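Here the structure comes first, spelled out in structure tokens, and everything after it is commentary.
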Amino acid sequence: MTLRLDDVVKHYRGPSETVRAVDGVTLAVGRGEMVALYGPSGSGKTTLLLIAAGLIAPDAGVVTVEGRDVGSLSRKESARYRREVIGVVLQHSHMMAGVPAIENAALKLLASPVPLLQAKRRARPWLRRLGLDRQGDQLPHQLSGGERQRVAVARALANDPVLLLADEPTGSLDSQRGRSVLELLHRIAHERGMAILLATHDPHAAEIADRAVVLRDGKLHPHGDQGPAAPGGSAPAPAFPGSDPS
Amino acid sequence: MSPGTLIWFYRRRLRVHWMQELLAALGIAIGVALVFAVQVANSSITDSAHQMLRAIVGDATLQVAGRDPRGFDARVAEQVGALPGVATAAPIVEQRATLVRDGHRVPIDLVGLDARITALGGSATRSFLLGALVGQRGMLVPSSIAGALRLPPTLSPDAPTHVTLDVRGQRFAIPVRAVVTAHDIGSLADAFIGVTSLDYAQRLAGLPGRVTRIAVSVRPGAEAAVRRELTRLVGARLTVAPVDSEVHALEQAVTPNDQATGLFAAISALVGLLFTFNAMLLTMPERRRAIAELRIQGYGSGHVVSLVAFQALVLGAVASSVGLGLGDLLSRAAAQSPPSYLSFAFPLGTHRVVPLSTLASAWLGGLVVTCVVASSALLDLRNPHPTEAISTPNAEPGHALSSRIAMWLGIAAGALVLLATIVVARSRSSGVAGLSGTQAATIGLLGITLAAVLAVPAAFRATLRMLEPFARRLRMNSLVLALRALRATSIRSLALAATGAVAVFGSVAIEGDHRDLVNGLDRNFADYLAAGDLWLTTGGDENSLTTQSFPAAAALRRIRALPAVASARPYYGSMLDVGERRVWIIGRPPQDRDVVPPTQLDQGNLATASELIRRGGWVAVSRVLADALGTGVDGRISLPTPSGVRTYRIAATLTNLGWGPGAVVLNANDYRRAWLTDDPSAIEVTLRPGTAPAAARRAVQATLGSRTALRVQTYAQRDRQFEVLARQGLARLSQISALLLIAAALAMAAAMGAAIWQRRVPLARMRIDGFEPARLWMTLMVEAAVVLAVGCVIGATVGTYGHLLGGRWLTSSTGYPVPFAIGWLSAATTCVLVGAGALAVTTIPGAFAANASPRLGLQEP
Ligand SMILES: Nc1ncnc2c1ncn2[C@@H]1O[C@H](COP(=O)(O)OP(=O)(O)OP(=O)(O)O)[C@@H](O)[C@H]1O
Ligand SMILES: [Mg+2]
């Protein structure tokens, strides 16, 4: 198994109440497997992905990637883990302002002593595969929201990760474009044996992904296991209350 | 990371955040410039004096010096030359004098030399003795004086130009026969000296057969023995000392002034630093977000550190270099004129000397500070989870500052104030824990400055909490919105408020102490001058301490015969080297109303002390001098006078009367006995009641005739002259304080502008939500006003306290008269100047930002 979450818990203690964002989640994603993570807004998807990325420490439970306990990594190892082992696409990715798309896509490669030209050469094919070969030299504020999101995906893939954690990578895309990005990810997962965990509201994802699960109130349920409104595994989006394509 | 990548990151940063980098660079450059300029100005005076000395006395190591300007018998030089171990003994006559030509006056050091001086090998002496000059009447001057007097370039030994020379109260027309340039005599070309043959100088000074100094060079290894022999031979009445003791005395004399300037410069430098810090703080949220983003991408701590360090090094190096350039310009402006009161006690040059160590320390200082400030962005690295490091409840990302931290900072501020108070209170010249008084006071005041910054968050929070219910009740929606915005961007607002606080702090503290010093000196001089309705002195401004003596018997007789004159009394003043200090000796006629200046009394009883001094055998001594000699009221002080060492009892201690090394006030009769002279340095005239001073002045001038070089001034004229001199002596302080205000205004305007510019996108989003530009602008202005008010009030409060502590230290440690007075008006003026100025400047970017196109709001942050 590439990614393994064992009984992971994360509660946010607020002033009045405690939010059980993730409440005992167990999940495994294997080599070359793409798993879609559904769930209404505020159900804890982002939290779960951040835990898997080692960006938030869980209150309880164990996260292992390729057999290594993510929680036990030293600071240095944890940085190297994000740099070399995984790729992360955040819900609101920031780009370096004033830096063209291609260089933003190559950003994480520059953490190793690689010349800029070579880093750009490695990132360029990913931009092309995401349909951005013409936008490579545009600055972030000259890109559309969807284009920016695709640059973020390219950046996450640029280091050939074994695990991709993507938080609504298609949220700003039209359904056509969103579908093709998802298909691309799925293909890459199979080609390279990369595991993908994908938080999404996109109804296509369940069809394209190898497996889909639903997070509700911090607990994981198999997809389609949530009541009369969505009887089958291939049931589309309307099943998920609160799903909002914005 | 490869150097290429580091450069790549910095170039990208500069492209987007050039404004912030520029601001930070400005802050650093101002700090470095201030420090550098002040250091150069201070070291130049003594370094150039040292160069001048060496150019004349060459490899002489010892000197025999007279204890007053009338010197001693020239035959001592032959006796000294005959001592075993002595290589050369060169007699010198030195008199302070003034050259006048076509209304241009130059105070000079009249130096008389004979051929023996060349044996000492001084670099300048050969040129001085251009054959023709020896044994001939005439003077040689360096190009600096030729320039100041506008001498014609055609002048030569055979076609001299005549100028007027005032020396010891007499006026002469003398021929200038040669001008020497830097080509001949190096840095001495900048010195204000006039060289003549020994016996011509003696004749001009009215001191035939007398010299004031003998420069002695010794054979190798014989120095100690020669010194012993010299002391045995002449030590009772003359001073035997290292030849450069003059330079040490000069150092002594400028020290208190340097300390005061140094302290203010330190405050200014700190203010510069805090500008830097605040400029960087403004960029902090964006820096923190960028760092968090890089860490999410897998950049490790090492990467982030090298990135931040590289950018800080480049910024610091560039900004410090700019600062050095700026400081060089400043110091040129300041070094033009050494304070004229010094030029009477010492021969001075205007040559500017910049030691490499000064250059290096200012530059490195700027660099180090930049790195330290920049490293605060690294604090987030402490949190192993990058997203948590910047995420915060109810604030823009990267803007967190919890109320706990604010509270702790507030407590730290209080503790700092307390600590600073203790340090300054205990820092007399003795110092605390191995620190000198100046260092302790500097540290104390720096502590207070920091406290001003640390107090900002707590005060800011308290203000917001106080204002909010008030605004809600009054339904002042602009204010409510403004308060909300302020809470969300706490770090940025804090940085702005802190900039204001520091700016106002520095201006209030320095301006306050400066004003107190000026007032103190004014009162001092008023006391000093009150003894006479008219004053007769010789020389010009450079003789402000009235130490130049002249034969006065004839003048006294004539003045006393005038019907308007009630009495005329000789006053005696001179400089005397006591140890390493060149002390100001004041011999007061016992008939004076105030023998002890009442406003300058430190310890002792005024009436008793005056009575004792009038009786004789008692003196009043500056506290700095008494402390240095380990004595005090009722103790004793021994003075090496021309008639031998004399011991007096101390009736009272005083401030330093405006002369750094300190002063001794004694009875004029005691002075005449000990100094073996009847030549006064001034005549005080009291007029009959009802006489107009101006008319009496004309009468006195007329009775003296035209051959006199005596200057007659009414009390009012002399008081005005002293006021001008006091201000000139403190000119560097006023320059610093003006510079600080300008810097403050600049820093505030730039910071406010930049902060508002950063807000354009969120403001544009509000326009999307339907807010009108006028409303947004109003909100912005209210925000700015709250921020500025908090900053200015803290700055003014802490600044007034800093002013108090600084003043206390100035009095106790430098011995200057510094009567403390809170300048409510000037503190308020400073507040208004900085606050209202910044607010006014803000209206423009505010209007632009409020009118930003709503389309801007569609961008990502
Ligand atoms: N830093 C935080 N502090 C407190 N509560 C938080 C924090 N982050 C998230 N939460 C809460 O935890 C819950 C889960 O949040 P999360 O961001 O994981 O949801 P999500 O499933 O990603 O939602 P969406 O689909 O809207 O992105 C929410 O109720 C949210 O309010
Ligand atoms: Mg989410």
**the range A:177-218, residues that are open to solvent by 70 Å² or more (accessible area, probe 1.4 Å), in contact with a strand residue (DSSP E or B) (Cβ under 8 Å, 6 or more places away or on another chain) and modelled with pLDDT of 90 or more** = A:Asp210, A:Arg211
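Residues are listed down the side, and each one gets a yes or a no for (1) at the interface with chain B (Cβ under 7 Å from one of its Cβ atoms); (2) open to solvent by 20 Å² or more (accessible area, probe 1.4 Å):
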site: A:Glu66; (1), (2): no, yes
site: A:Leu73; (1), (2): no, yes
site: A:Glu77; (1), (2): no, yes
site: A:Arg82; (1), (2): yes, no
site: A:Glu103; (1), (2): no, no
site: A:Val114; (1), (2): no, yes
**Asked** When B:Ala82 is evaluated against the numbered criteria (1) within 28 Å of B:Ser144 (Cα to Cα); (2) free of Cβ contacts under 8 Å to residues at least 12 places away in the same chain; (3) not acidic (Asp, Glu), which criterion, by number, is the only one it fails?
**Response** (1)
**Asked** Do any residues in the range A:128-148 that are within 14 Å of another protein chain (Cβ to nearest Cβ) have Cβ atoms under 6 Å from those of residues that are of a type in the set (S, T, N, Q) and in a loop (DSSP other than H, G, I, E, B), where the two are at least six apart or on different chains, and which pairs are they?
**Response** A:His141/B:Gln859; A:Gly145/A:Ser172; A:Gly146/A:Ser172; A:Glu147/A:Gln135
**Request:** Confirm whether A:Glu168 is within 16 Å of ligand 1 (Cβ to nearest atom), over 23 Å from B:Ser306 (Cα atoms) and at pLDDT 85 or above.
**Result:** yes
**Message:** Yes or no: the range A:169-180 includes at least one residue that is more than 14 Å from chain B (Cβ to nearest Cβ) and at positive phi.
**Reply:** no
**Asked** Which one is most open to solvent (accessible area, probe 1.4 Å), of the residues in the range A:38-56 that are near ligand 2 (Cβ under 10 Å from one of its atoms) and of a type outside the set (S, T, N, Q)?
**Response** A:Gly42
**Prompt:** Name the residues in the range B:529-562 that are open to solvent by less than 10 Å² (accessible area, probe 1.4 Å), assigned to a helix (DSSP H, G or I) and out of contact with any Phe, Trp or Tyr (no Cβ under 8 Å at 6 or more places or on another chain), would you?
**Reply:** B:Ile559
**Sole residue being surrounded by fewer than 17 Cβ atoms within 10 Å (Cβ to Cβ) and more than 15 Å from ligand 1 (Cβ to nearest atom), chosen from A:Asp59, A:Asp7** = A:Asp7
**Request:** Might you let me know whether the range B:427-437 holds any residue that is touching a Ser or Thr at 6+ places or on another chain (Cβ under 9 Å), modelled with pLDDT of 75 or more and in a helix (DSSP H, G or I)?
**Result:** no
**Fill in**
All conditions in (1) within 15 Å of ligand 1 (Cβ to nearest atom); (2) modelled with pLDDT of 90 or more; (3) open to solvent by 40 Å² or more (accessible area, probe 1.4 Å) are true of A:Thr26 except (1)
**Prompt:** Is one or more of the residues making up the range B:640-647 touching a residue at least 60 places away in the same chain (Cβ under 8 Å) and assigned to a loop (DSSP other than H, G, I, E, B)?
**Reply:** yes
**Message:** Being at pLDDT 75 or above, within 14 Å of another protein chain (Cβ to nearest Cβ) and open to solvent by 20 Å² or more (accessible area, probe 1.4 Å) narrows it down to one residue among B:Glu286, B:Glu246; which is it?
**Reply:** B:Glu286
**Prompt:** Mind checking which pairs have a first residue in the range A:38-55 that is away from chain B (no Cβ under 14 Å) and under 22 Å from A:His204 (Cβ atoms) and a second that is within 7 Å of ligand 1 (Cβ to nearest atom) and in a helix (DSSP H, G or I), Cβ under 7 Å, 6 or more apart or different chains?
**Reply:** A:Gly39/A:Lys45
**Message:** Being open to solvent by 40 Å² or more (accessible area, probe 1.4 Å), more than 16 Å from ligand 1 (Cβ to nearest atom) and either within 14 Å of chain B (Cβ to nearest Cβ) or without any contact (Cβ under 8 Å) to a residue 24 or more places away in the chain (or both) is the requirement here; does A:Arg31 meet it?
**Reply:** no
**Asked** Within the range A:7-28, how many residues turn out to be out of contact with any Gly (no Cβ under 8 Å at 6 or more places or on another chain), more than 14 Å from every other protein chain (Cβ to nearest Cβ) and within 16 Å of ligand 2 (Cβ to nearest atom)?
**Response** 0
**Prompt:** So, in the range B:470-487, of the ones that are surrounded by fewer than 15 Cβ atoms within 10 Å (Cβ to Cβ) and over 16 Å from B:Phe771 (Cβ atoms), which residue ends up modelled with the lowest pLDDT?
**Reply:** B:Arg475
**Message:** I'd like the full set of residues that are open to solvent by less than 50 Å² (accessible area, probe 1.4 Å) and among the polar types (S, T, N, Q), limited to the range A:116-156.
**Reply:** A:Gln135, A:Gln149
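The values are calculated or read from the model by the stated rules, or taken from the named source; none is laboratory data. Note that the structure is a prediction, hence the values are computed from the model and not measured. Methodologically, a virtual Cβ is constructed for each residue, glycine included, from the backbone with ideal geometry; neighbour enumeration extends over all protein chains shown. Heavy atoms of the whole protein, side chains included, go into the accessibility calculation; ligands, DNA and RNA do not. Shrake-Rupley method; radii C 1.70, N 1.55, O 1.52, S 1.80 Å.
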